[in-house]
Amino acid sequence: MYLLLAFLMGVLIVVTPIANGNNAQKIGNLGASFYNYLFATLTAGITYLLVSLLSGNGTALAIQSPLTLTNGLIGGALGCAVLFLLNHIAPKIKAFHIVLLPFLGQMSMGMVLDYYTAGIFDVKRIFGLCLIAAGLLLQHRKDTGCAS
């Protein structure tokens with residue numbers, strides 16, 4: 001079940017920015033971002049209520065702490081900013097880059113957070129990120145016809 005959900009999440013991560021980019025071209029960046037977050041909020045709320053009610057713990061409607069609420073609002077604001085930028089950028093770059101560039105950003109930020117919160121520094125991850133970035137650069141140079 002978890003593998004299926006992880007696979008579905010991977011598919012959605014690829015499809016969503018492309019669909020949002022197309023919507024942004026048709027109805028504008030703000031409109032596409034609004035409808036995306038409206039749908040995401042409704043879907044997340046319904047899923048949260050269903051899971052909470054089905055698990056029987058009854059905490060779906062519990063009042064959250066101010067810190068949890070603040071973190072949620074900051075996360076939502078950052079998510080809106082990322083979506084707004086992806087909607088602006090998506091029509092201008094290839095789907096391949098839409099998938100890999102956010103991945104590189106997530107991995108880089110994850111490494112920074114691991115270092116500052118847990119003191120973990122992994123050279124293999126940095127090497128892997130450098131390989132992916134080099135591959136993107138080589139592919140970009142090939143597509144644009146730049147000489148080596």
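The values are calculated or read from the model by the stated rules, or taken from the named source; none is laboratory data. As the structure is a computational prediction, the values presented were derived from the model and not from experiment. Every residue, glycine as well, gets a Cβ built from its backbone with ideal geometry; the counts of neighbours run over all protein chains shown.
For segment 106-143, the set of residues classified as within 21 Å of the chain's Cα centre (by Cα), surrounded by 12 or more Cβ atoms within 10 Å (Cβ to Cβ) and either closer than 18 Å to Ile93 by Cβ or in the same structural domain as Val11 (by TED's automatic domain parsing) (or both) consists of Ile132, Ala133, Leu136, listed by residue number. Among the residues of segment 57-77, none qualifies, meaning not one is within 12 Å of the chain's Cα centre (by Cα), farther than 15 Å from Ala19 by Cα, modelled with pLDDT of 75 or more and aliphatic (A, V, I, L, M). Is at least one residue of segment 26-41 assigned by TED's automatic domain parsing to the domain that holds Ile13, exposed (fewer than 10 other Cβ atoms within 10 Å of the Cβ) and modelled with pLDDT of 80 or more? Yes, some residue in segment 26-41 is assigned by TED's automatic domain parsing to the domain that holds Ile13, exposed (fewer than 10 other Cβ atoms within 10 Å of the Cβ) and modelled with pLDDT of 80 or more. Determine, yes or no, whether Ala90 is part of a helix (DSSP H, G or I) and touching a Pro at 6+ places or on another chain (Cβ under 8 Å). Taking the combined requirement at face value, the residue satisfies it.
Being touching a helix residue (DSSP H, G or I) at 6+ places or on another chain (Cβ under 7 Å), under 15 Å from Thr16 (Cβ atoms), surrounded by fewer than 14 Cβ atoms within 10 Å (Cβ to Cβ) and at pLDDT below 80 is a property that holds for Ala95.
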